[in-house]
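Please read the structure below before turning to the comments.
The values are calculated or read from the model by the stated rules, or taken from the named source; none is laboratory data. Keep in mind that this is a model prediction, so the values were computed, not measured. For neighbour counting, all protein chains shown are included, and Cβ atoms are generated from backbone atoms with ideal geometry for every residue, glycine included.
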Amino acid sequence: MSYRFDTLAIHAGQPDDDGTGAVSFPIYQTSTFRQIEPGLNKGYCYSRTDHPTRHALEENLAALEGARYGVAFASGMAAIHGVLSILSAGDHIVSTRDLYGGAWRIFTKFFSKFGIDFTFVDTTDHANVIQAIRPTTKLLWLETPSNPLLKITDVAACCAIARRAGVRTVVDNTFATPLLQHPLALGADIVLHSTTKYINGHSDVLGGVVITNDEALYNDLKFFQNAIGAVPGPQDCFLILRGTKTLGLRVQRHCDNAETLAAWLREQQGIARVIFPGFADHEGHAIARRQMERFGAVISFELAANLDETKNFTRHLKLWTLAESLGSVKSLFCHPATMTHASVEPDVRRSVGIGDSLIRLSVGLEDVRDLIDDLKQALDATVVAQRVFA
């Protein structure tokens, strides 16, 4: 029998415990397991290699993406490292240009040292993708919606281009979540999540996962997961599994709040631009409507302000928390130029469109009226200050 998303979130990979009847999947807090005899072991042996709580998490997350295999890592960055480990010196990646700063850093500052070459393009224009692919290209790396400018890439179209060239496609689905977007169904070979974000949803654990239907690729990823050892512990896996159970409910409320808030922001004095794929005039709106269930809960906006005035605005916020990360029940905001994308060279940031007045909101589950009131008082204070000191 096939089950729908919310049912899978609660049941997939998590049977009731036969030994005790516990309805919450156990935390197996052990580093090693008893073996039958030397050379004869059909179960678990060592927790870096495999672990029952991690195995439950991997099955659960794979099910939510409609996939056969999931490979869990200790963080989203560890998951990215795991995918890049399938490459060899001389291989080439075509990547979206507007992407998470940590991905940019590991691409350009780490793997490039080992002979992996990267080309960054605007993947919203298919011609750029076609032109960037070389005979040595092994991966097309997509992030949609992108971080922090919320650009929308047509996953199906880009996957078709990559497939014709014999290139695998990776989609970072962190912003969209498995509820809102289904990259494997659109033709992707690999889906990646920072499970730290919406999947966990409570800002109390780090994690990442790589998901695929390709058995050979899965075996490679499992080898690197074990060999490199950047694996989540049983407590981490338990907390992420706890998060998946309410993922469907949470994401719907996140989206409700974000849509209300984005519309309000657009009408406010002191804001130069609001970026949200749910707006009909967003350049990727039509694609987002086609490939996403809803438009997500991240909003970016630019203040009509310089860096000092932008910092002044952030100091006036009381309910919103200035912090890295996103996808929490608690509303967070960040300043990408000095936080998530600080490792990106200033000229590269500016060329992409990440300016000093850009703010990224991760809209939480509070009453949206309170979130609006807090933004309003901070905006009013900042606009008044600009008038006084102009």
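Having 1 or more residues that are modelled with pLDDT of 95 or more and within 28 Å of V205 (Cα to Cα) is the bar; report the strands (runs of 3 or more DSSP E) wholly within region 271-389 that clear it. Don't jump to the end; show me each part of the working.
Values: elements: 271-275, 298-303, 332-334, 358-362.
So the answer is 298-303, 332-334, 358-362.
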Residue that is farthest from A381 (Cα to Cα) [pool: residues in region 248-270 that are crowded, with 17+ Cβ neighbours inside 10 Å and hydrophobic (A, V, I, L, M, F, W, C)]: V251
Region 4-31, residues that are at pLDDT below 95 and exposed (fewer than 14 other Cβ atoms within 10 Å of the Cβ): P15, D16, D17, D18, G19, T20, G21, A22, V23, S24
Of all residues making up region 140-178, the number that are polar (S, T, N, Q) and not in a loop (DSSP other than H, G, I, E, B): 2
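Considering region 162-217 alone, what residues qualify as being acidic (D, E) and within 15 Å of the chain's Cα centre (by Cα)?
Looking only at region 162-217, we keep the residues that are acidic (D, E), and these are 172, 189, 204, 214-215.
Within region 162-217, just D172 meets the criteria.
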Count - residues of region 32-51 that are within 17 Å of K222 (Cβ to Cβ), in a loop (DSSP other than H, G, I, E, B) and at pLDDT 90 or above: 7
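Taking region 144-180 on its own, how many of its residues are charged (D, E, K, R), within 17 Å of V83 (Cβ to Cβ) and surrounded by fewer than 24 Cβ atoms within 10 Å (Cβ to Cβ)? Outline the logic, then answer.
Within region 144-180, the subset charged (D, E, K, R) is 151, 154, 163-164, 168, 172.
Next cut, within 17 Å of V83 (Cβ to Cβ) only: 168, 172.
Filter again for surrounded by fewer than 24 Cβ atoms within 10 Å (Cβ to Cβ), leaving 168.
Total satisfying the criteria: 1.
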Region 1-22 residues that are closer than 12 Å to L64 by Cα and in a loop (DSSP other than H, G, I, E, B), paired with ones that are polar (S, T, N, Q) and modelled with pLDDT of 95 or more (beta carbon under 8 Å, 6 or more apart): A12/N60; G13/N60
Which numbered condition A188 fails, given (1) closer than 17 Å to G82 by Cβ; (2) touching a Phe, Trp or Tyr at 6+ places or on another chain (Cβ under 7 Å): (2)
Which listed residue, of R105, R134, R54, is in contact (Cβ under 8 Å) with a residue 24 or more places away in the chain and in a loop (DSSP other than H, G, I, E, B): R134
Residue list for region 179-236, filter: outside any loop (DSSP other than H, G, I, E, B), acidic (D, E) and more than 17 Å from G76 (Cβ to Cβ): E215, D220
Number of positions in region 75-93 that are in a loop (DSSP other than H, G, I, E, B) and touching a strand residue (DSSP E or B) at 6+ places or on another chain (Cβ under 7 Å): 3
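Answer with yes or no whether K245 is surrounded by fewer than 20 Cβ atoms within 10 Å (Cβ to Cβ), out of contact with any strand residue (DSSP E or B) (no Cβ under 9 Å at 6 or more places or on another chain) and basic (K, R). Can you show your working first?
Numbers: surrounded by fewer than 20 Cβ atoms within 10 Å (Cβ to Cβ): yes; out of contact with any strand residue (DSSP E or B) (no Cβ under 9 Å at 6 or more places or on another chain): yes; basic (K, R): yes.
Spelling it out, K245 is indeed surrounded by fewer than 20 Cβ atoms within 10 Å (Cβ to Cβ), out of contact with any strand residue (DSSP E or B) (no Cβ under 9 Å at 6 or more places or on another chain) and basic (K, R).
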Counted residues, region 138-189 - those being farther than 23 Å from H282 by Cβ and either free of Cβ contacts under 8 Å to residues at least 12 places away in the same chain or among the basic types (K, R) (or both): 5
Scope region 59-74; condition small (G, A, S) and assigned to a loop (DSSP other than H, G, I, E, B); matching residues: G66, A67, A74
